[in-house]
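Have a look at the structure below, then the notes.
What follows draws every value from the coordinates through simple rules; no lab data is involved. For clarity, every value in this text was computed on a predicted model and none was experimentally measured. Ideal geometry is used to build each Cβ from the backbone, glycine not excepted, and the neighbour counts take in all protein chains shown.
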Amino acid sequence: MQKFFLLLCLLWAPALLAATVSSPDARIEFEISAAQGGAQYQVTFNGATVIAPSRLGLTFAELATLGEGLTLGEVKIQHKHEPWEQPWGEQRYIENRYQQLTASFLNGDEQEVFTLEVRVFNDGLGFRYHVPELIGGPVSLIDELTQFVLPDAHRTDAWWIPAREWNRYEYLYDKTTADAMRLVHTPVTLRQANGVHLSIHEAALVDYAAMSLKQERTGVLKADLGPWSDGVLVKTSLPMTTPWRTIQIADSATGLLNSALSLNLNEPNKLGDVTWVEPGKYVGIWWGMHINKNTWGSGPTHGATTSEAKRYIDFAEAHGFDGVLIEGWNIGWDGD
């Protein structure tokens, strides 16, 4: 009788609705689900929500939207510890310990439409999409549905620069509440009311459009990819793998600064022997122009002068820098 009852339980067990994976220290928890047929995720830190339920998915011109009408398929969780040595940098050895979740999402025909790979470290997490060969030939990605939903955006501090404006990435950072952002470059840095710090960015950006973040409504940040001239975001073929979408999480700003998350999620060195490279640090003469102490154009506070260049060279020599980058406009080049 007991065996018969067990068999009934297995036959009538509901489909998997959600799955979670935690950081090795258990402070960060990432949950994925297919609630109401929509792929989504959420993130907690020390039990408090840092990313509220947020949409997942991709849209190709040649396919139905990969993110709707789905169920959660096979889920695998693995513990990984893969420390590695940098060829150069501030740290020689990088700790690379994480919990990995791999989950497949299925359509109504039980066909896998994409797999989400998630790695959760003690200093944050990354996730990316793997899309199988659903059709042959070239495909056009026309939308990435990925969201980062911020709880209490009106009480969250944000440091950001505008995306796709005339001065590219060379703006001074604005500090506002998160609900004041519009279209912004990544990384965007956030400080929630409880002091938790976040930084949203990407890693392993190869053969894919760079991601900005667009605030569609209060607290809802959506991936906004730089398009081709015809509006297509990514021209590729299947199977394909996207860059990592990364979220650094820390108790303080120094936790973000000391994070190795991006290093761990980028590809290893493929150059082979790099002992011939001699890394160094340099100072740049343009910094005075950026903080409005000097001007690019000629005038009484012109920055790119011979005397100013010599002053930078003397400073570099005195403080152990390897070089000076001199950039600016000579006499006759006026304005910014």
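Listed values, structure above:
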{"quantity": "Fewest-first sequence of W244, W228, W159, W276 by Cβ atoms within 10 Å of each Cβ", "calculated": "W276, W228, W159, W244"}
{"quantity": "Antiparallel content of DSSP bridges confined to the chain, in %, to 5", "calculated": "95 percent"}
{"quantity": "Stretch gain in nm, segment Q36-A18, where the contour uses 0.36 nm per residue and the Cα spacing is subtracted", "calculated": "5.3 nm"}
{"quantity": "Cα-centred dipole magnitude for the range 14-265, charges only on beta-carbon of K, R (+1) and D, E (-1), debye, nearest 20", "calculated": "480 debye"}
{"quantity": "DSSP-loop GluC sites (Glu not before Pro) across the range 141-193, with at most 15 other Cβ within 10 angstrom", "calculated": "E165, E170"}
{"quantity": "Listed residues E278, E68, E216, most fluctuating in the chain (Gaussian network, C-alpha, under 10 Å)", "calculated": "E278"}
{"quantity": "Simple label model, 7 Å out from Cα along Cβ direction - A204 to T65, nm", "calculated": "2.7 nm"}
{"quantity": "Dipole of the chain, positive end: most advanced residue of T275, G67, T241 [Cβ charges, Cα centre]", "calculated": "G67"}
{"quantity": "222 nm mean residue ellipticity, helices alone, for the chain (DSSP H n ≥ 4; -39,500 (n - 2.57); rounded to 500)", "calculated": "-3000 deg cm²/dmol"}
{"quantity": "Those trypsin sites (Lys or Arg not before Pro) in the range 72-103 that DSSP places in a loop and that have at most 11 other beta carbons within 10 Å", "calculated": "R92"}
{"quantity": "Leading residue at positive end of dipole, the range 14-265 (Cβ point charges), from L141, L213, L257", "calculated": "L257"}
{"quantity": "Extended-chain gain in nm, criterion 0.36 nm per residue less alpha-carbon gap, D109 and D251", "calculated": "46.7 nm"}
{"quantity": "Distance in nm between pseudo-label sites at E216 and N258 (7 Å out along the Cβ direction from Cα)", "calculated": "3.7 nm"}
{"quantity": "Length gained when the stretch S237-T301 is fully extended (0.36 nm per residue, less Cα-Cα span)", "calculated": "17.7 nm"}
{"quantity": "With Cα atoms, 0 to 90° folded angle of helix 2-11 axis to the chain main axis", "calculated": "50 degrees"}
{"quantity": "Straight-distance crosslink candidates among lysines, where the alpha carbon sits under 25 Å from K80 and sequence neighbours closer than 8 are dropped", "calculated": "K270"}
{"quantity": "Folded to 0 to 90 degrees: helix 306-319 orientation relative to the chain principal axis, Cα", "calculated": "60 degrees"}
{"quantity": "Zone of A316's modelled label, taken as backbone nitrogen in the range 247-278 under 16 Å from a point 7 Å along Cα→Cβ", "calculated": "278"}
{"quantity": "Approximate spin-label separation R155-E267, in nm, with each point projected 7 Å along Cα-to-Cβ", "calculated": "4.4 nm"}
{"quantity": "Normalised per residue, the volume of the convex hull around the Cα set of the chain (Å³)", "calculated": "200 Å³"}
